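The values are calculated or read from the model by the stated rules, or taken from the named source; none is laboratory data. All of these numbers come straight from a predicted model, not from anything done at the bench. All Cβ positions, even for glycine, are placed from backbone atoms using ideal geometry, and neighbour counts span all protein chains on display. Note: areas computed on protein heavy atoms with side chains; ligands, DNA, RNA excluded. Shrake-Rupley method; radii C 1.70, N 1.55, O 1.52, S 1.80 Å.
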Amino acid sequence: DKDITGRQWDMTQLVSLAKNEKTSDKDKSKIYGGLRNLILGNSYWRLRFNALAQLQSLIAPVSETKPVTLDNETKEMLLTLIDNDRSWVLANAIRFLGMTKDPKYADIYINAFSDSSDRVVNSAAVALGKSKSPKAFDALVKLKDKPSWKNQSLISTLNGLKELGDPGGYDVSFNALSDLHSPRWTLAVSVWDFRIAAAETIVALGKADAVVIDLPVAHYW
């Protein structure tokens, strides 16, 4: 019954305990509450970031495909973080909230597009796509024109369109895939190279066969 928020508990062990079927609901509630208090506290940001990731692994793991229902305490915690935090913690809070797939948060995500952190913008784009909000498509397409280093804004647009699943995203994706000249990181991962992000979005939209037909052979070399 000791207050876990003021002690140096190992978060990995706490999460394992919370996942254990033998752990009582009362103790699980304490773990959740302790993590929330740590996240909202004044600890070093990386510790708070890690605690937020651990809490998400319990409530809304990134592998979950169905909309997640959040308890009021966690929801309020995330909204507080979004209002007051920045960079890595802010990006993770948006990603966590995005697991709800609730379109009522669309304006929060769209407002985050103005953040100076590409990490935050990308999390917001993905969350907006997951929400399926009627506002999502136009906002995501507009985002690609936001100035950014190595077309990070375009990557965020593509990642959001991938989650949104709107067929209209094909044209944006195909144009990006066909672009051999705009600045980009030539790395084999979609988080850096917009052409790879475009290919993944096209596949997610079920349009891969159209690319084989439409894309000039020279673009494969």
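Every listed requirement among (1) over 23 Å from R86 (Cα atoms); (2) touching a Leu at 6+ places or on another chain (Cβ under 9 Å) is met by D145 save one, (1). Inclusion of N151 among residues that are polar (S, T, N, Q) and under 21 Å from D115 (Cα atoms) is warranted. Residue selection: V212 fails the criterion of being modelled with pLDDT under 95, closer than 24 Å to L90 by Cβ and open to solvent by 40 Å² or more (accessible area, probe 1.4 Å).
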